[in-house]
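The values are calculated or read from the model by the stated rules, or taken from the named source; none is laboratory data. Predicted, not measured: the structure shown is a model, and the values here were computed from it. Here the Cβ positions follow ideal geometry from the backbone for every residue, glycine too, while neighbour counts run over all protein chains shown.
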Amino acid sequence: MVVTEHNLAALATTIKAWGRELGFADIRISDVDLAEQEAGFAAWLALGYHGEMDYMAAHGMKRARPAELVPGTIRAITVRMDYLPRAYKDEQGDERNWRAREQARLEPAAAGTATVSLYARGRDYHKVLRSRMQQLADRIKGEIGDFGYRVFTDSAPVMEVALAQKAGLGWRGKHTLLLNREAGSFFFLGEILTDLPLPVDESISSHCGQCSACIDVCPTKAIVGPYRLDARRCISYLTIELKGSIPVELRPLIGNRVYGCDDCQLFCPWNKFAQPSTLGDFDVRNGLDRASLVELFSWSEEQFNSRMEGSPIRRIGYQRWLRNMAVGLGNAAAAGAGTPEIIAALQQRSDDPSELVREHVAWALQQHGA
């Protein structure tokens, strides 16, 4: 196929149709000029808000310069994939009840239950998106022959939200995540950086207005201002990215959130429009939508590795898994859930081989006065 301006427009339309066939909720195209993002990113790094995520600084401004990451890049084909479990289709009723159920998991009455971020209850999204984006790239290649491209999903120094916003997939919310009028923010993003001069889509305006729900509800006040996140205080960072000890002053604020945190999304008004996934990949595994802290804390390392096979949770490793559970179990005391079962579970790990685990278990027992 000889690429011309006319058939590039047709190709863009076809790419979007193929994307929907592959399970993407939406797919848009943008240029890759992110120069306006550089000053804000540099200031964010200078403030140390990236914490121990050294990879955020390691590539310098390459993150805002896709053509330096993949030479020849002039376009980003950005995809969006919903990830709420399919079961919500039947359980939603008016399509809003799921939010009330998830919010209830954070109440003191549910202190003994582990709260895992919605995105991590099913299969690892990296594998799902990468596979389907590669299939999309293969279809394009089959149509036009060889072309320059690379596929990414949260796997390289790429400003995903900035590219998605530029492509018109939504706008950046005050919590720094992308928001979409028809789908809220419970979706994954992925990109195909390419040298194809495809026609670009228009960006859209922000619709957050004066709302500050995400800022107000953040348990650790990690959203230090509109569009500004101090990752060092974010529960997702503390329970996933942080490799060492969780700061003692932040532990009580984590509650029963043992892997990630959805609060800023759950209380965002736009997420009344969040859509269930059309794929079975994000169905809940291992009962992670209802498991107790004691149950998950009792897993052996072999059980953890086996049950978390194919899950994004496995990347934190067994020690950090136990660390997070210990914090949740310790916080159960303040919520009035200081049961003998919880104390016994903690005591059984008081001499764990890992110093990291022992420290957090000792803290948890102290909360229970044990």
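When restricted to residues that are assigned to a helix (DSSP H, G or I) and more than 30 Å from residue 333 (Cβ to Cβ), segment 269-305 contains 8. Looking only at residues in segment 319-370 that are without any contact (Cβ under 8 Å) to a residue 12 or more places away in the chain and part of a helix (DSSP H, G or I), the one that is nearest to residue 300 (Cα to Cα) is 348. For segment 246-257, the count of residues that are in contact with a strand residue (DSSP E or B) (Cβ under 8 Å, 6 or more places away or on another chain), among the small types (Gly, Ala, Ser) and at pLDDT 95 or above is nonzero. Among the residues of segment 14-45, the one identified as exposed (fewer than 12 other Cβ atoms within 10 Å of the Cβ) and either under 17 Å from residue 223 (Cα atoms) or polar (S, T, N, Q) (or both) is 43. In a residue-by-residue description of segment 279-299, the property of being within 19 Å of the chain's Cα centre (by Cα), more than 20 Å from residue 311 (Cβ to Cβ) and in contact (Cβ under 8 Å) with a residue 24 or more places away in the chain applies to no position.
For segment 49-63, residues that are exposed (fewer than 12 other Cβ atoms within 10 Å of the Cβ) and among the small types (Gly, Ala, Ser) total 1.
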